[in-house]
1. Tell me which lysines have Cα within less than 24 Å of Lys66's Cα, excluding those fewer than 8 residues away on the same chain?
2. Please give the length that would be gained between Val52 and Arg101 if that part of the chain were fully extended, namely 0.36 nm times their separation in residues minus their C-alpha to C-alpha distance (nm, one decimal).
3. Using a 1.4 angstrom probe on the protein heavy atoms only, could you order Val110, Val79 from most to least accessible area?
4. Report Lys100's accessible area, 1.4 Å probe, all protein chains in place, as a number in Å² to the nearest 10.
5. Between Arg76 and Gln19, with labels modelled 7 Å along Cα→Cβ, what's the label distance in nm to one decimal, could you check?
6. Which order do Asp67, Asp55, Asp104 take when ranked by solvent-accessible area (1.4 Å probe, heavy atoms of all protein chains), largest first?
7. Which residues in segment 81-112 place their backbone N less than 20 Å from a point set 7 Å from the Cα of Ala63 along the Cα-to-Cβ direction?
8. Using heavy-atom solvent-accessible surface (probe 1.4 Å) with all chains present, what is the largest-first order of Arg112, Arg76?
Amino acid sequence: MQQKLTSSQETILQAFVDQQIENRHIFSHQKDVRMIPSPKGNLQWEMDYPKVFADLFEAILGAVYKDSGKDLENTRKVVLDAMEETISNFLQNTPICPLKRVTDINPQAVFR
């Protein structure tokens, strides 16, 4: 997975992994701003799931689906076994879209 990443992407990915280890692999939905050292000076980065993890998860999920003979029930079991705690935590603390927060406060809000 890392062989095609730039050094900046590798640094960001490693910072994310380090954060996940600190948080016992529980993602809080809160942005965590980190300073990432780079040859061009420190970079400020809002910690979020790197897209590469989403791509990797999709690839694994597709492989499970294909290898199971396109059996959705078996695929569902694999996902729930791997993600049950994460899904449960997410459902207890579902993040709210910032635009929804604004329209809840001011239903007449106009966005441009």
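1. Partners found: Lys51, Lys77.
2. This chain segment gains 14.8 nm when fully extended.
3. Val110, Val79
4. Counting only protein heavy atoms, the figure is 110 Å².
5. Going from the Arg76 label point to the Gln19 one covers 3.3 nm.
6. Numbers: Asp67 130, Asp55 65, Asp104 95 Å².
Ranked from most to least accessible, the order is Asp67, Asp104, Asp55.
7. Hits in segment 81-112 for Ala63 at 20 Å: 81-84.
8. Arg112, Arg76
The values are calculated or read from the model by the stated rules, or taken from the named source; none is laboratory data. All values reported here derive from a predicted model rather than from experimental measurement. Counting neighbours? That spans all protein chains shown, and the Cβs are built from the backbone with ideal geometry, glycine included. These area figures cover heavy atoms from the full protein model, side chains too; ligands, DNA and RNA do not enter into them. Shrake-Rupley method; radii C 1.70, N 1.55, O 1.52, S 1.80 Å.
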